[in-house]
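Notes follow once the structure below has been shown.
The values are calculated or read from the model by the stated rules, or taken from the named source; none is laboratory data. Source: prediction; values computed, not measured. No Cβ is skipped: glycine too gets one built from the backbone with ideal geometry, and neighbour counts run over all protein chains shown.
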């Protein structure tokens, strides 16, 4: 059975610098899937957020919320699943960033807006979570040299990585494959990519772990 017949809606998730977008593109190309990407570059508040998080966190978060909601709204229509869909984000994780970056009153406003949107998105058939240590994230962010990302601190990445880890170790809506991503280059290494596909195909439980260094 084709991997995308078993999992027609696959989400790749992980913190900034984890390589989720690159992996999503490679999977979509391999399986001729519809590709749904988060468009961070379209958020005009994001560069300002990295310069002054306290001042611009709410605007940044709300822009992403409305953008993601609009992108995912169509997935509730079954006819769009004529071909498999692979995404590098999903809405369930959105409150994770909000809780991390907003103060109490801003988070209360965010939750109110989130609830009033009454979003009914299709849950993924599987989530591939790229669990990546902060040091590796920082190296990759610095390497890709996007100007406004150069102000990202190690402390922020440590808190972000911890929040992701906590979230996906508790997430129950869809099966989750937690991938040790510290030294795993499935995006550009053919052998590593094929190894990952084999491991996804063997997935049986609701939450499983994959350490390619031990495979």
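Odds and ends about this structure:
- Considering the conditions (1) out of contact with any helix residue (DSSP H, G or I) (no Cβ under 6 Å at 6 or more places or on another chain); (2) over 18 Å from residue 126 (Cα atoms), residue 26 is excluded by exactly one of them, (2).
- Being surrounded by fewer than 14 Cβ atoms within 10 Å (Cβ to Cβ) and either free of Cβ contacts under 8 Å to residues at least 60 places away in the same chain or touching a strand residue (DSSP E or B) at 6+ places or on another chain (Cβ under 8 Å) (or both) is a description that does not apply to residue 158.
- None of 170, 150 is modelled with pLDDT of 90 or more, closer than 23 Å to residue 101 by Cβ, loosely packed, with under 12 Cβ neighbours inside 10 Å and more than 15 Å from the chain's Cα centre (by Cα) except 170.
- The single residue among 126, 152 that is farther than 24 Å from residue 44 by Cα and in contact (Cβ under 8 Å) with a residue 60 or more places away in the chain turns out to be 126.
- Residue within the stretch 38-53 that is surrounded by fewer than 18 Cβ atoms within 10 Å (Cβ to Cβ) and farther than 19 Å from residue 147 by Cβ present: no
- Test: residue in the stretch 183-202 that is surrounded by fewer than 13 Cβ atoms within 10 Å (Cβ to Cβ) and closer than 28 Å to residue 70 by Cα: no
- Take the conditions (1) surrounded by fewer than 16 Cβ atoms within 10 Å (Cβ to Cβ); (2) farther than 20 Å from residue 10 by Cβ; residue 95 misses just one of them, which is (1).
- Within the stretch 172-195, the set of residues being in contact with a strand residue (DSSP E or B) (Cβ under 7 Å, 6 or more places away or on another chain) and under 20 Å from residue 18 (Cα atoms) comprises 175, 176, 177, 178, 179, 180, 181.
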